[in-house]
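Q: Here you go, one structure.
The values are calculated or read from the model by the stated rules, or taken from the named source; none is laboratory data. Since the structure is predicted, the reported quantities are computational estimates derived from the model, not experimental observations. Here Cβ is always computed from backbone atoms with ideal geometry, including for glycine, and neighbour counts include all displayed protein chains.
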């Protein structure tokens, strides 16, 4: 069953990547606005989801599990901050491909934390992933920003690895839907926390002329993101994080395909950089998938 959820999530993630890239370029004055607006939109969705709470199994986990779930939400938001900043420098498909660094980091983390020994086959897979990641850097049309986006996404992936391990612990000790909502509360709380800083509130106010017309789209993006997060977390709950990360390497392929579809059907999301060397990018995504299969 974990495979069903792991396969269901990537198309939704691709939609979020493409629309986030559009917002960074055309809606947000600064990339971190994506964290704040996403949190506010999530609050709206949480209020809507609250109507389903009477039908949920209310078995609140222990305080330690609640703290871990909130921490997981905060770490997800931290990785999102790195992700939005990376979108400032590179196109959505390339940024999405960098999430494939997670399957490199998961086995290495397991080795150091749990003494799990890597095989030569897994090291070969790690080599392929490193090679393809560097190739994506070289394909990036933004010469100055390519390494910035790579390092930002490397940081985001490191945070996500820690988050996935925490999530697995949380879901093993509590009812999934309740723990999922607690994680989302952690995401919302950590996302609106920067509003306590006067300069950020001022920046948000200055950005309102372009944010206000985009409110329906921002809520829609976050609704899709909730579906993506739910399927990903459910897959982690039912399966192994490393295997889930392996299946999620299809996200860049979906992202490039969706970008190409939008380029062909509408001018609103046209991205000249995304159209450059697209067959080579898709070939690298396929090679990345092979590397992840070896690592897993």
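Q: Restricting to segment 82-110, give me the number of residues that are more than 11 Å from the chain's Cα centre (by Cα) and within 16 Å of residue 25 (Cβ to Cβ).
A: Within segment 82-110, residues that are more than 11 Å from the chain's Cα centre (by Cα) and within 16 Å of residue 25 (Cβ to Cβ) number 10.
Q: Output the number of residues of segment 20-52 satisfying the condition of being touching a residue at least 12 places away in the same chain (Cβ under 8 Å) and over 19 Å from residue 95 (Cα atoms).
A: Here the count works out to 12.
Q: Which residues, counting only those in segment 264-296, are modelled with pLDDT under 70, assigned to a helix (DSSP H, G or I) and either in contact with a strand residue (DSSP E or B) (Cβ under 7 Å, 6 or more places away or on another chain) or surrounded by 13 or more Cβ atoms within 10 Å (Cβ to Cβ) (or both)?
A: Across segment 264-296, the qualifying residues are 273, 274, 275, 278, 292, 295.
Q: Return yes or no: is residue 10 in a helix (DSSP H, G or I) and surrounded by fewer than 16 Cβ atoms within 10 Å (Cβ to Cβ)? So that I can check it myself, show each step before the final result.
A: Details: in a helix (DSSP H, G or I): yes; surrounded by fewer than 16 Cβ atoms within 10 Å (Cβ to Cβ): no.
No.
Q: Residue 18 is checked against (1) surrounded by fewer than 19 Cβ atoms within 10 Å (Cβ to Cβ); (2) in a helix (DSSP H, G or I); (3) touching a helix residue (DSSP H, G or I) at 6+ places or on another chain (Cβ under 8 Å); (4) at pLDDT below 90 and fails just one. What number does that condition carry?
A: With respect to (1) surrounded by fewer than 19 Cβ atoms within 10 Å (Cβ to Cβ); (2) in a helix (DSSP H, G or I); (3) touching a helix residue (DSSP H, G or I) at 6+ places or on another chain (Cβ under 8 Å); (4) at pLDDT below 90, residue 18 is out only on (1).
Q: Could you check segment 52-160 for helices (runs of 4 or more DSSP H) lying wholly inside it with 2 or more residues that are modelled with pLDDT of 90 or more?
A: Values: elements: 63-87, 92-98, 102-114, 120-139.
Per the criteria, 63-87.
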